[in-house]
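Just below is one structure, and these are the notes that go with it.
The values are calculated or read from the model by the stated rules, or taken from the named source; none is laboratory data. Because the structure is a prediction, the values reported are computed rather than measured. Here the Cβ positions follow ideal geometry from the backbone for every residue, glycine too, while neighbour counts run over all protein chains shown.
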Amino acid sequence: MEEPEDCHDEVAIPLPEGWRFSLRLTRGEEDFYGGVCELHEADVLRCRMMLSNLDRDRRLALDRVASRVEAWLAEWQARDHSGNTGFSDLA
């Protein structure tokens, strides 16, 4: 297995103001890409996705990451964030 590679700059995702995105991709067994992406709002980690078996083709794998992140952001923005959910911060 390869070492994870930082490749967030290869994925064009429209982020809300104050958000940042990171992505570390690896090519694993059977040549499928996988990795970890994180979304931060200011300095707060809001989402960590463990991604596996994205695709053997790097471009398709990156496109799938973008689709998943965009879907998560759309859901996040549609939620009410006015109260205390009782959840703790991701670490």
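Values computed for the structure shown
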{"read-out": "Answer residue from the stretch 20-57, given it is aromatic (Phe, Trp, Tyr) and crowded, with 16+ Cβ neighbours inside 10 Å and is nearest to TRP72 (Cα to Cα) among those", "value": "PHE21"}
{"read-out": "Residue satisfying all of: in the stretch 48-76; in contact with a helix residue (DSSP H, G or I) (Cβ under 6 Å, 6 or more places away or on another chain) and hydrophobic (A, V, I, L, M, F, W, C); farthest from GLU29 (Cα to Cα) among these", "value": "LEU62"}
{"read-out": "Residues being charged (D, E, K, R) and either surrounded by 12 or more Cβ atoms within 10 Å (Cβ to Cβ) or modelled with pLDDT of 95 or more (or both) - total across the stretch 60-91", "value": "4"}
{"read-out": "Condition check for ASP80: in a loop (DSSP other than H, G, I, E, B), under 13 Å from PHE32 (Cα atoms) and out of contact with any Asp or Glu (no Cβ under 7 Å at 6 or more places or on another chain)", "value": "no"}
{"read-out": "Selection from the stretch 10-40 of residues that are part of a strand (DSSP E or B) and over 17 Å from MET50 (Cβ atoms)", "value": "TRP19, ARG20"}
{"read-out": "Residues of the stretch 35-60 satisfying the condition of being within 15 Å of ASP6 (Cβ to Cβ) and over 11 Å from the mean Cα position of the chain (by Cα)", "value": "ARG58"}
